[in-house]
Amino acid sequence: MSNNLIDSTFSLFENIKHIDDDGNEYWFARELMNALDYKQWRRFCNTIDKAKLSCMNSNVDIFYHFASAGKMVEIGVSTRKIDDYKLSRYACYLIAQNSDPRKEVVALAQSYFATKTRKQELLEQEYNSLTEDQKGYIIVIK
């Protein structure tokens, strides 16, 4: 696997990442579906269901990580509501772990979300080790 392929795939996941008003990262499931090279929503929903089960079995709040985000789309002359999800990084990681392992992009997604999740964990550990004064200083600079 070439470094160019890895870099372009990592960029793909960065490009579909969204950030809400509070600075939280999220991904839309339908965009992730395309990035993971799934062609049919119903097949991707099976993967989402497996990921939700993994989340639930870990005693983690699935509604926080898999927030329903239906949208209205225009189809021809009519408008129709379609299902979608706002996914946390953790949800994306679980989806990647439960995706079709025969796809090269899935292996890259697993690596991307595992790396990003670990990086965030380390940042949070470092932040939690600071004194309240140090935390206040960081917030002022931010």
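The values are calculated or read from the model by the stated rules, or taken from the named source; none is laboratory data. Owing to the predicted nature of the structure, the values given are computational and were not obtained by experimental measurement. For neighbour counting, all protein chains shown are included, and Cβ atoms are generated from backbone atoms with ideal geometry for every residue, glycine included.
Annotation note: of Lys135, Lys52, Lys116, the sole residue that is surrounded by 14 or more Cβ atoms within 10 Å (Cβ to Cβ), modelled with pLDDT under 95, assigned to a helix (DSSP H, G or I) and charged (D, E, K, R) is Lys116.
The single condition from (1) farther than 13 Å from Val105 by Cβ; (2) surrounded by 17 or more Cβ atoms within 10 Å (Cβ to Cβ); (3) of a type outside the set (Lys, Arg) that Gly70 fails is (2).
Selection of segment 30-44 for residues being surrounded by 13 or more Cβ atoms within 10 Å (Cβ to Cβ) and either touching a residue at least 60 places away in the same chain (Cβ under 8 Å) or farther than 14 Å from Ala67 by Cα (or both) yields Glu31, Leu32, Met33, Asn34, Ala35, Leu36, Asp37, Tyr38, Trp41, Phe44. Annotation: Asn24 fulfils all but one of (1) over 18 Å from Ala114 (Cα atoms); (2) surrounded by fewer than 12 Cβ atoms within 10 Å (Cβ to Cβ); (3) not β-branched (Val, Ile, Thr); the unmet one is (1).
Within the span defined as segment 119-129, one or more residues are more than 15 Å from the chain's Cα centre (by Cα), loosely packed, with under 10 Cβ neighbours inside 10 Å, in a loop (DSSP other than H, G, I, E, B) and at pLDDT below 85. Pairing residues of segment 90-116 that are within 22 Å of Phe63 (Cβ to Cβ) with residues that are surrounded by fewer than 19 Cβ atoms within 10 Å (Cβ to Cβ) and polar (S, T, N, Q), at Cβ distances under 7 Å and at least 6 apart in sequence or on separate chains, gives Tyr90/Thr117; Tyr93/Thr117; Leu94/Ser54; Ala96/Gln110; Gln97/Gln110; Asn98/Ser54.
Within the span defined as segment 67-79, one or more residues are over 13 Å from the mean Cα position of the chain (by Cα), modelled with pLDDT of 85 or more and not polar (S, T, N, Q).
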